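I have placed the structure first, in the form of structure tokens, so that the comments after it can refer back to it.
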Amino acid sequence: MKRLLYIDHDFHNKTKSSQFLEELLKSAYEVEVCNFDPYDKDPESAFECLKNKEFDILVLFQVTPDLERLKKNVSFKHAVFFPMYDASGGLDDDFWEQYRSFNIINFSRSLHERLLGLGLSSYYIQYFPKPAESLKYGNPDHVFFWQRLTDLNIDLVERLLRKIRVERIHVHKVLDPYQTFSEPSLAIAGKIKYSVWFDTREEMLRVMESCALYIAPRLYEGIGMSFLEAMAMGRCVIAPDSPTMNEYIVHGKNGLLYNYHKPKPIKARRIEKIQRNAYEYMKEGYARWTRDKYKILDWLEAPLRQDDWRRIKKQKKYQNIKIYLLFGFLPLLVLREKAYKRYYDLFGFLRILKSRKKETEMIFYLLGIIPVWKSKLA
């Protein structure tokens, strides 16, 4: 049996969010697992125990260690990288040059199309967790919120829920490293019940199931296990309008999306219908994932793709086009979106503004070329 080195984020030992991939790899390879903690003072020291070992395949899941140092310790024939949109989606083009000899497997369509545009060997597959055996709607006045980030906090949740009747908010108080918790206002403090780490995953799922509404905990996701599991239970997920949430959720149909940078109170109508749609959508998606997941094993040792990015560019130049009409028929403003750029065209042809995401900033260009304003992203 061929040997595979699987390097994963150490945090996943607790969350078990990458267990599905590890099990898939073990079905076809002899797998050696190496846990990588990027917050360690010397994270690459974890590779010293691998010195002089030989593998057929190297797999990096989310983590981006120093490749040169890694290659000094380990030899391998094929290299594969599973990037996460939230961790590397905002990095500039120069970052991706070091992965030109890798097959890259994306769980985000936005990142996949961007990397194809850079001429990288990228594959795309959408993950779906196993849905609940049956749909239980839960209490429509109860909300589950897991605070993981400083900026996506209870103050934002309170603003989003202002027009929704809420009796109880369950706050799961387990933050990502270097994030801080925000205390609630006096107006809603009496409605909040807290939890930290549950003894079992099933205990957490039971609490989620008792709430009809679920607040997605991050601004961007790599896969989005937390909100996907909520959808698979038929929860009505309220999430930022960004990847990967907006690659699964259609606003008002199987979930609710909002603009994080300009949040407004959510108008939640027909919650039970949204829950039912989410549950049915996840059932269909899981059947597709169960059938297609073995493609990953084929991609691990596949020759690097060369020409697909040119074809994708021709087929789909823009991810989204929005047209704002004057008098119901005259195109006043046309917004054309790519993964990290948005173009604002007056009357559809006069470029008045362009915005571009770069790392943690959004830069706006007057007439498409003159930088006039920078906005910090969360």
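The values are calculated or read from the model by the stated rules, or taken from the named source; none is laboratory data. Since the structure is predicted, the reported quantities are computational estimates derived from the model, not experimental observations. Heads up, the Cβs are rebuilt from the backbone with ideal geometry, glycines too, and the neighbour counts pull from every protein chain shown. Calculation scope for accessible area: heavy atoms of the full protein, side chains included, ligands and nucleic acids excluded. Shrake-Rupley method; radii C 1.70, N 1.55, O 1.52, S 1.80 Å.
Some observations on this one:
- Sites listed here are trypsin sites (Lys or Arg not before Pro) in the range 69-119 whose DSSP assignment is loop and whose Cβ has at most 12 other Cβ atoms within 10 Å: R100.
- Sorted largest first, extent of the range 88-181 alpha carbons per principal axis (Å): 53, 36, 24
- Helix-only [θ]222 nm of the chain, DSSP H runs n ≥ 4, -39500 (n - 2.57) each, per residue, nearest 500: -7000 deg cm²/dmol
- With 0.36 nm allotted per residue and the present C-alpha distance subtracted, the K136-D292 stretch has 53.3 nm of extension available.
- Full extension of the chain between C49 and K2 gives 14.9 nm of extra length, using 0.36 nm per residue less the Cα-Cα distance.
- Ordering of 136-147, 343-354 by burial proxy (mean other Cβ atoms within 10 Å per residue, highest first): 136-147, 343-354
- Sorted from greatest to least, the principal axis extents spanned by the alpha carbons of the range 1-122 come out as 36, 29, 29 Å.
- For the chain, taking Cα atoms only, Rg and Dmax work out to 22.0, 71 Å respectively.
- Surface accessible to a 1.4 Å probe, per residue, for the residues of the chain, Å²: 51 Å²
- Amide H contacts of M84: Q62, each under 5 Å away and 5 or more positions distant or on a separate chain (H built 1.01 Å from N in the peptide plane; Pro and chain starts excluded).
- When all alpha carbon pairs of the range 52-123 are counted in 10 Å bins from zero, the resulting P(r) reads 19, 56, 22, 3 %.
- Here the chain has 50 percent of its accessible surface on carbon and sulfur atoms, given a 1.4 Å probe and all protein chains in place.
- Out-of-range pairs (alpha-carbon distance over 20 Å; input K130/K338; K2/K51; K71/K357; K163/K264; K264/K357): K130/K338; K71/K357; K264/K357
- Taking GluC sites (Glu not before Pro) as exposed when their DSSP state is a loop state and no more than 11 other Cβ atoms lie within 10 Å, the longest site-free interval of the chain runs over 168-358.
- Rounded if a/c under 1.5, otherwise prolate or oblate - the range 1-56, Cα gyration tensor axes: oblate
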